[in-house]
Amino acid sequence: MNRFRRHLIRTRQLGRRVEITELGLGTSPFGNLFHETTDADTAEATAASWDGGVRYFDTAPHYGLGLAERRLAVALNSHRDDPACVVSTKVGRRLVPTPENAHRQDDDGFAVPATHRREFDFSRDGILRSVEESLARLGRDDIDILYLHDPDDHWQQASTSGVATLIELRDQGVVRAIGAGMNQSAMLAEFVRRCDVDVVMLAGRYTLLDQSALDDLLPLAQQRGVGVVAAGVYNSGLLGRDVVPDDAHYEYRPAPPELVARAREIAAICRRHGATLPQAAVQFPLRHPAVTAVVVGARDAAQAAENLTRYQAELPAALWDELEEAGYLRPPPV
């Protein structure tokens, strides 16, 4: 018997053509982020997520130089024709073969051979090539959601030829929803303001520790009817454990002492209400009406099960009230 309450994985409408579950599985660990995992572990992580009711799966060519896309394709093979299964991937980092470097390790955080290098390319030709390659790795004829991936230093090309190409693919039915994914909210707000996008993926800027997206992206997305998918909800690990360790990381670096102290204070409030810090971290973004889903990574079945438990925990309203009264949270819009 399934130990998870599947009916508690709610769905929300995203754009005009896509409905996704509020909890999504992020697959950067499938690409051997920081250290290796196995095909069996990633398949089991996907199966545990699916059995718990998750139907949204996010990936990218960047993750392990295509390894995450390939592993996700295998893991979802039996669900390929299920209309509820939603897969997103990304464009903007083309993978250029470098067989001469295959004996070396990738230098961008993934434990894989450096068989390719990444080239930022938001041109029409670059995006079409990237989509074709992703479709082949994913074993699919179409992509549910396609994001421009980290166009921070490429606004001009990404917002013109990049978005125009994504719109073309959406009009052709190759893609059902389009947008951009970044670690900053200001440029995502510009995409929402100026471009015909359906969704944006925001990493790390609407969390228990950083609610800066309230100043620009979230109110605009709500006004325009653009969905926001929240990622990086643990801020690179600082919010990912019940007890915050001294060596916790924030934004992929050792966390400053003042942020460690702040996270511990938030954790103490969570404990007073029978909750844990990671449970609050997963559920907090979904309190904002603009946020459509939260995406959390998993390396194996145990981590996937933990994601489900955190999402499904019943947290009292008094917890959020105390966090707001203590000044740790800015209240969401009414």
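The values are calculated or read from the model by the stated rules, or taken from the named source; none is laboratory data. All values derive from a computational prediction rather than experimental measurement. In this analysis, Cβ positions are derived from the backbone assuming ideal geometry, glycine residues included, and neighbour counts consider all displayed protein chains.
Here are a few things to note about the model shown:
- Against the numbered list (1) aliphatic (A, V, I, L, M); (2) more than 20 Å from Ser49 (Cβ to Cβ); (3) not in a strand (DSSP E or B), Ala281 comes up short only at (2).
Table: residues versus (1) part of a helix (DSSP H, G or I); (2) more than 12 Å from Gly297 (Cα to Cα); (3) aromatic (Phe, Trp, Tyr).
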| site | (1), (2), (3) |
| --- | --- |
| Asp41 | yes, yes, no |
| Gly53 | no, yes, no |
| Phe57 | no, no, yes |
| Ser78 | yes, yes, no |
| Pro83 | no, yes, no |
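- Every listed requirement among (1) within 18 Å of Leu319 (Cβ to Cβ); (2) without any contact (Cβ under 8 Å) to a residue 60 or more places away in the chain; (3) in a helix (DSSP H, G or I); (4) more than 23 Å from the chain's Cα centre (by Cα) is met by Arg262 save one, (2).
- Criterion violated by Thr98 - all others in (1) touching a Ser or Thr at 6+ places or on another chain (Cβ under 7 Å); (2) β-branched (Val, Ile, Thr); (3) within 24 Å of Thr309 (Cα to Cα); (4) surrounded by fewer than 22 Cβ atoms within 10 Å (Cβ to Cβ) satisfied: (3)
- Restricting the stretch 21-39 to residues that are part of a loop (DSSP other than H, G, I, E, B) and among the hydroxyl-bearing types (Ser, Thr, Tyr), the residue that is farthest from Ala230 (Cα to Cα): Thr38
- Leading residue by the ranking (surrounded by the fewest Cβ atoms within 10 Å (Cβ to Cβ)) among those in the stretch 168-206 that are within 17 Å of Leu329 (Cα to Cα) and touching a strand residue (DSSP E or B) at 6+ places or on another chain (Cβ under 8 Å): Gly204
- Pair list, Cβ under 9 Å, 6 or more apart: the stretch 164-179 residue assigned to a helix (DSSP H, G or I), other residue among the aromatic types (Phe, Trp, Tyr) and modelled with pLDDT of 95 or more: Thr165/Phe122; Leu166/Tyr147
- Pairs where the first residue, in the stretch 287-299, is farther than 9 Å from Ala231 by Cα and the second is at pLDDT below 95 and surrounded by 22 or more Cβ atoms within 10 Å (Cβ to Cβ), C-beta under 9 Å, 6+ apart: Thr292/Leu14
- Subset of the stretch 311-334 (residues that are under 23 Å from Leu214 (Cβ atoms) and free of Cβ contacts under 8 Å to residues at least 40 places away in the same chain): Ala317, Trp320, Asp321, Glu324, Glu325, Gly327, Pro331, Val334
- Pick from the stretch 310-334, criterion in a helix (DSSP H, G or I) and in contact with a helix residue (DSSP H, G or I) (Cβ under 8 Å, 6 or more places away or on another chain), ranking: farthest from Arg241 (Cα to Cα): Glu322
- Residue within the stretch 13-31 that is surrounded by fewer than 24 Cβ atoms within 10 Å (Cβ to Cβ), at pLDDT 95 or above, over 25 Å from Arg176 (Cβ atoms) and touching a helix residue (DSSP H, G or I) at 6+ places or on another chain (Cβ under 7 Å) present: no
- Residue within the stretch 249-258 that is at positive phi and in a loop (DSSP other than H, G, I, E, B) present: yes
- Ser185 in contact with a Leu (Cβ under 7 Å, 6 or more places away or on another chain), touching a residue at least 24 places away in the same chain (Cβ under 8 Å) and polar (S, T, N, Q): yes
- Between Ser134, Ser88, Ser130, Ser159, the distinction of being in a strand (DSSP E or B) and either modelled with pLDDT of 95 or more or out of contact with any strand residue (DSSP E or B) (no Cβ under 7 Å at 6 or more places or on another chain) (or both) belongs to Ser88 only.
- Qualifying residue in the stretch 207-222 (condition: closer than 19 Å to Arg93 by Cα and in contact with a Gly (Cβ under 9 Å, 6 or more places away or on another chain)): no
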